[in-house]
Amino acid sequence: SISSSSLVALTDLVILNLESNILKGIIPDSLFDLENLRYLNLMYNQLHGSLSNSFGKLAKIASLRLSGNNFSGSIPVDLFGLTQLSSLLLSENNLSGTLASSIGNLTELEELDLASNMLVSLPSEIGLLT
């Protein structure tokens, strides 16, 4: 698991890459206090639970890579307020429902991967992503 206390002192951290480990559990709330974070890669672990609305606190994030875990539920609207996102990788989870129309706010997005989830529809605003 990712220890909440291990993240507290990393306030200047810009890149956090923990891809392809055996991390289990949920993402600790302390991760969302890393306000300088620009790149977060937690792909291919054994993380689970729903994606937190607290991702919206990571205002500087440009790359969010969460593929290959066991996240479930809907994709929180707060993710679509992260206007500096250029890469959003959420494939190979158990995400469900529909995408919010506010996905059109991600005008910097260059890479979007939602494959292998249980999404049922895409809003027309996805066409605003150029």
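The values are calculated or read from the model by the stated rules, or taken from the named source; none is laboratory data. Note that the structure is predicted; figures quoted are calculated from it, not measured. When we count neighbours, we look across all protein chains shown, and the Cβ atoms used for this are built from the backbone with ideal geometry, even at glycine. To get the accessible areas, we keep the full protein, side chains included, count just its heavy atoms, and leave off ligands, DNA and RNA. Shrake-Rupley method; radii C 1.70, N 1.55, O 1.52, S 1.80 Å.
When ASP33 is tested against the conditions (1) out of contact with any Lys or Arg (no Cβ under 9 Å at 6 or more places or on another chain); (2) farther than 30 Å from SER124 by Cβ, the lone failure is (1).
Scanning the stretch 59-83 for residues that are polar (S, T, N, Q) and open to solvent by 20 Å² or more (accessible area, probe 1.4 Å) yields ASN70, SER72, SER74, THR83.
Please indicate, with yes or no, whether at least one residue in the stretch 72-83 is at pLDDT 95 or above, in contact with a strand residue (DSSP E or B) (Cβ under 7 Å, 6 or more places away or on another chain) and in a strand (DSSP E or B). Yes, there is a match, as at least one residue in the stretch 72-83 is at pLDDT 95 or above, in contact with a strand residue (DSSP E or B) (Cβ under 7 Å, 6 or more places away or on another chain) and in a strand (DSSP E or B). Would you call GLU125 in contact (Cβ under 8 Å) with a residue 12 or more places away in the chain, surrounded by 15 or more Cβ atoms within 10 Å (Cβ to Cβ) and of a type in the set (D, E, K, R)? Spelling it out, GLU125 is indeed in contact (Cβ under 8 Å) with a residue 12 or more places away in the chain, surrounded by 15 or more Cβ atoms within 10 Å (Cβ to Cβ) and of a type in the set (D, E, K, R).
Considering the stretch 84-113, and only residues there that are assigned to a loop (DSSP other than H, G, I, E, B) and open to solvent by 30 Å² or more (accessible area, probe 1.4 Å), the residue that is nearest to SER50 (Cα to Cα) turns out to be GLU92.
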